[in-house]
1. Got a sec? Which of Thr42, Thr13, Thr26 is at pLDDT 80 or above, surrounded by 10 or more Cβ atoms within 10 Å (Cβ to Cβ) and of a type in the set (Ser, Thr, Tyr)?
2. For the list (1) at pLDDT below 70; (2) surrounded by 10 or more Cβ atoms within 10 Å (Cβ to Cβ); (3) part of a loop (DSSP other than H, G, I, E, B), I need the number of the one condition that Thr4 fails.
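The values are calculated or read from the model by the stated rules, or taken from the named source; none is laboratory data. Remember, it's a predicted structure, so these values are computed and weren't measured experimentally. For neighbour counting, all protein chains shown are included, and Cβ atoms are generated from backbone atoms with ideal geometry for every residue, glycine included.
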Amino acid sequence: MDATTNTNKTTETEHAMNTQIIRDATDLAGSIRGAGDWGNRTINHDALSDAVAAG
């Protein structure tokens, strides 16, 4: 099938670029999620420390 019969055809280069964009976005989302988890652990640790200190 050539490009004249399939107007939705993407080239291998376009597909590779799209795949890389998805990978980058996934990595970024993972970094943001990881930072959020780290922040939650810090907050929880502080709250636990305060509770222990308060007896």
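1. After ruling out the rest, the residue left standing is Thr26.
2. So the condition that Thr4 fails would be (2).
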